[in-house]
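Taking it in order: structure first as structure tokens, then the write-up.
The values are calculated or read from the model by the stated rules, or taken from the named source; none is laboratory data. Predicted model, so just to flag it, every value in this text is computed and none were measured. Ideal geometry is used to build each Cβ from the backbone, glycine not excepted, and the neighbour counts take in all protein chains shown.
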Amino acid sequence: MSAEIHRPSDLQLGRIAYRRGQAIRSVLLAALSTAVLGTLLGVLITGAPGWARVKQSFFDWPIAREYLPEILEGLWLNIRLFVVCAVCALALGLVAAVLRTLRGPVFFPVRALATVYTYTFRGLPLIITIYLFAFGVPGLRLQGTPNVVVLGGAAITITYGSYIAEVLRAGIESVHPSQTAAARSLGLSYRQSMRHVVLPQAVRRAAPALLNDVVSMQKDVGLISLAGPIDAIRAAQIASAETANFTPYVVAGVLFVLFALPLIGVTDVVTLRAARRQNAGN
Amino acid sequence: MLLTCADVRKTFGSAVVLDGLDLSVDEHEVVALIGASGSGKSTLLRCINLLTEVDDGTITLDGEDITNPKINPDVVRRKIGLVFQSYNLFPHMTVLDNITLAPVKVHGKPPAAARELAMEWLNRVGLADKSGSYPDGLSGGQQQRVAIVRALVNSPRLLLLDEVTSALDPELVGEVLTMIRDLKGDGMTMILATHEMGFARQVADRVAFLDNGRVLEQGPPAQVLGDPVEARTRQFLARIIEAGRL
Ligand SMILES: Nc1ncnc2c1ncn2[C@@H]1O[C@H](COP(=O)(O)OP(=O)(O)OP(=O)(O)O)[C@@H](O)[C@H]1O
Ligand SMILES: [Mg+2]
């Protein structure tokens, strides 16, 4: 193979020019149709008979500015809660997933426990779990009961841990048994083969689904407001009650979306890459 | 004797795969296992490596009964290398990491020393430039040589090779055969399951023909392949010749 630069033939140059023309036409067409659709939607909404009232009660700029600092302060609680809950839920999910894949009668009790856990908390609505933890546990009047933020966070962690456990378990079982056989034949123990051979492959395969769960968790940390602490949603609720206006909720909503964007972007990229890897074959 | 299988029995449900099999392998000896597809060659190798539990009989390695349930299989496996027909390299690790995993994690070798040893071997089999590649960037023959090196760096007393050439194109078979012949020169004790009679003839000191769960006939390649005593062996070889694999 020569390294010198190949000069395309006139035929190829013609083809390149044609393709470029086609591409420009497609982009223009797509831009035009998007603009038309956007304008139509805009006209439809702003032209609606009730638009003036909706604008007043949902998009009141002075109210938004006034309450933004409080809602942001609340969001800081959501962010901290999210980071702690995500780390704990991943750890919990990993443990439950590994326990569920243990074989042999010796492990029946732990396997059963892990199974009951994942079944229960995938079925139980998160709102109910939060109520049970935040209001039920303090009702026991035990010494050293943690505050509602911790209890609510525990509810979110335990619920998401069960989803993550199932995603990881599916990943673990998708790794072909010959990989474990190869690891064991080299003298690696069960734990070592899990740690170095099976789990890395399982996590890679489960990454898109795992990240989706984490994105979903990111907005569900807002449900902590049900337990009482002042997070972004609770702050919006208070502000809304004070002003008799819904704008604070819109502000909180926009902030939640902005907070989620980076991770959603990462999820998109990881999913695309996983799909490409899959198509490239093994 | 380095390895002795005595009266080994293995069943899967109602199917009797190994039915009182006896086989001994001396140190530095190379034994080729031949037999029809489904005759239990892979099963026997997996039993020796303790990946599968025998249903009866004993397997002795270095004078130690490794079928004794009190024994730690991980310790036994450190002395036995097994190379699979389908390579089974770890796809998420580079060639170098595939090879150094067991020396570092199982044998406690310092990572630098393990890498050095791995590179020595890769050099020897002409794959030094592939040390940083992932398995899916290698040809079948290259993957198989990496798989063999991965077993070898643990200095096993016994190397089990399960049809290491059957997934390869004829031109790639040569690379792997050369490597195995070199290993024989080093004095490595090997049991190789194979469908390639030419391969068995070239590298084996002894050929064992598996039939109905036992070793029906064994001896020097020239005798077993050229002038078999048993009618079943002759039938098997006739079918192989028909398929053009002799
Ligand atoms: N895990 C298993 N469960 C059930 N049956 C099995 C299992 N492993 C092997 N067998 C059966 O045992 C028999 C022997 O299989 P084995 O793989 O040892 O044959 P082989 O001699 O290696 O064949 P080949 O030359 O095709 O590789 C086959 O009939 C197979 O179906
Ligand atoms: Mg086989």
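A few remarks follow.
- Hits in segment B:38-63 - residues which are closer than 17 Å to residue B:163 by Cβ and of a type in the set (Gly, Ala, Ser): B:38, B:39, B:40, B:42
- Counted residues, segment B:94-103 - those being touching a helix residue (DSSP H, G or I) at 6+ places or on another chain (Cβ under 7 Å) and either under 14 Å from residue A:179 (Cα atoms) or surrounded by fewer than 23 Cβ atoms within 10 Å (Cβ to Cβ) (or both): 3
- Residue match in segment A:165-172 (condition: away from every other protein chain (no Cβ under 14 Å), of a type outside the set (Val, Ile, Thr) and farther than 30 Å from residue B:49 by Cα): yes
- Strands (runs of 3 or more DSSP E) fully within segment B:27-134 counting 2 or more residues that are within 16 Å of ligand 1 (Cβ to nearest atom) and within 18 Å of residue B:179 (Cα to Cα): B:30-34, B:80-83
- Contact map, segment A:177-193: residues that are more than 7 Å from chain B (Cβ to nearest Cβ) and over 14 Å from residue B:99 (Cα atoms) paired with residues that are crowded, with 21+ Cβ neighbours inside 10 Å and among the basic types (Lys, Arg), Cβ distance under 6 Å, separation 6+ or inter-chain. Pairs shown: A:193/A:184.
- Scanning segment B:33-48 for residues that are under 10 Å from the mean Cα position of the chain (by Cα) and within 14 Å of chain A (Cβ to nearest Cβ) yields a count of 3.
- You will find that of B:82, B:96, B:33, the residue that is more than 16 Å from ligand 2 (Cβ to nearest atom) and aliphatic (A, V, I, L, M) is B:96 and no other.
- Considering B:43, B:52, B:67, the condition of being more than 16 Å from ligand 2 (Cβ to nearest atom) and among the β-branched types (Val, Ile, Thr) is satisfied by B:67 alone.
- All conditions but one from (1) at pLDDT below 95; (2) within 18 Å of residue A:219 (Cβ to Cβ) apply to residue A:88; the one that does not is (1).
- Scanning segment A:78-89 for residues being touching a residue at least 60 places away in the same chain (Cβ under 8 Å) and surrounded by fewer than 20 Cβ atoms within 10 Å (Cβ to Cβ) gives a total of 3.
- Check on residue A:121, of a type in the set (A, V, I, L, M, F, W, C) and over 20 Å from the mean Cα position of the chain (by Cα): no
- The residues in segment A:87-104 that are assigned to a helix (DSSP H, G or I) and farther than 12 Å from residue A:164 by Cα can be counted, and the count is 3.
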